[in-house]
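Novice: Can you read through this structure? Questions will come right after.
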Amino acid sequence: MDSVALIEKYFDNLTERQREQFARLGEVYAEWNAKINVISRKDMEHVYLHHILHSLAIAKVCRFESGAKVLDVGCGGGFPSVPLAIMFPEVQFHLVDSIGKKIRVCQEVAGALGLENVTTQWCRAEEVKQKFHFV
């Protein structure tokens, strides 16, 4: 089953832009994972099932309202926030991690996908001063 088909099995109302972003997501992670290991190399062939779809499980139980602000503390390589940012383009996601190379991966992945609803911050969580609806 192709990557987008796997996601559409559970989310049948994707826009064309979301389909394109999800289709590209695995490629972008593969490119960055080769440079900066954020996902086990052995697990890259299962990135859609083990990382992207698992991240989207949140969307089955939580419907973020338009304009909501979500903070991902210790975002690592961007899971679950990057897949959720694709799923909820009207929600703002702020990704925070104390490890700079992980933030760089998140920035580059979001940029490659054209995600305008993702911001990143290289810091410790206690340094974040904004307010959020979800953490």
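The values are calculated or read from the model by the stated rules, or taken from the named source; none is laboratory data. This structure is a prediction, so every number in the text was calculated from the model and none was measured. Cβ sites come from the backbone with ideal geometry, for glycine too, and all protein chains shown count toward neighbours. Ligands, DNA and RNA are stripped out before the accessible areas are found, and what is left, the full protein with its side chains, is counted by its heavy atoms. Shrake-Rupley method; radii C 1.70, N 1.55, O 1.52, S 1.80 Å.
Novice: Restricting to DSSP loop positions (anything but H, G, I, E, B) with no more than 15 other Cβ atoms inside 10 Å of their own Cβ, which trypsin sites (Lys or Arg not before Pro) remain in the range 42-98?
Specialist: On the way: sites: LYS42, LYS60, ARG63, LYS69; in loops: ARG63.
Sites meeting the loop and neighbour criteria: ARG63.
Novice: For the chain, which span is the longest to avoid every loop-located (per DSSP) member of GluC sites (Glu not before Pro) having at most 11 other Cβ atoms inside 10 Å? Before the final figure, lay out the partial values.
Specialist: Working: sites that count: GLU65, GLU90, GLU116.
Counting at most 11 other Cβ atoms within 10 Å as exposed, the longest clean stretch of the chain is 1-64.
Novice: Place +1 on the Cβ of every Lys and Arg and -1 on the Cβ of every Asp and Glu in the chain, take the dipole about the Cα centre, and give the residue among VAL47, PHE134, VAL91 whose Cα lies farthest towards its positive end.
Specialist: Farthest towards the positive end: PHE134.
Novice: Hey, what do the phi angles of the range 24-29 turn into as Karplus ³J(HN,Hα) couplings, whole Hz, using 6.51/-1.76/1.60 and θ = phi - 60°, x for Gly and Pro?
Specialist: 7, 4, x, 4, 5, 5
Novice: Assuming a ≥ b ≥ c are the square roots of the Cα gyration tensor eigenvalues, decide whether the chain counts as rounded (a/c under 1.5), prolate (otherwise, with a/b larger than b/c) or oblate.
Specialist: Numbers: a/c = 1.83, a/b = 1.15, b/c = 1.59.
Judged from the Cα gyration tensor, the chain comes out oblate (a/c at least 1.5, b/c at or above a/b).
Novice: Of SER66, SER98, SER3, which has the most accessible area and how do the rest follow, probe 1.4 Å? Don't jump to the answer; show the numbers that get you there.
Specialist: On the way: SER66 95, SER98 65, SER3 30 Å².
From most exposed to least exposed: SER66, SER98, SER3.
Novice: Run the accessible area of the chain with a 1.4 Å probe and give the carbon-and-sulfur part as a rounded percent.
Specialist: Ligands and nucleic acids excluded, carbon and sulfur give 51 percent.
Novice: Once phi is turned into θ = phi - 60°, what whole-Hz ³J(HN,Hα) does the Karplus curve with 6.51, -1.76 and 1.60 give for every residue of the range 7-16, x standing for Gly and Pro?
Specialist: Rounded to whole hertz, the list is 5, 5, 4, 10, 10, 8, 10, 6, 7, 4.
Novice: While we're looking at this one, here's another question. Can you work out ³J(HN,Hα) from phi for every residue in the range 73-87, in order, using Karplus 6.51 cos²θ - 1.76 cosθ + 1.60 and θ = phi - 60°, giving whole Hz and x for Gly and Pro?
Specialist: Whole-Hz 3J(HN,Hα) from phi for the range 73-87: 8, x, 5, x, x, x, 9, x, 5, 5, x, 5, 5, 5, 5.
Novice: Enumerate lysine pairs in the chain that are 8 or more residues apart or on different chains, then count those whose Cα atoms are under 22 Å apart.
Specialist: Pairs that pass both the separation and distance tests number 10.
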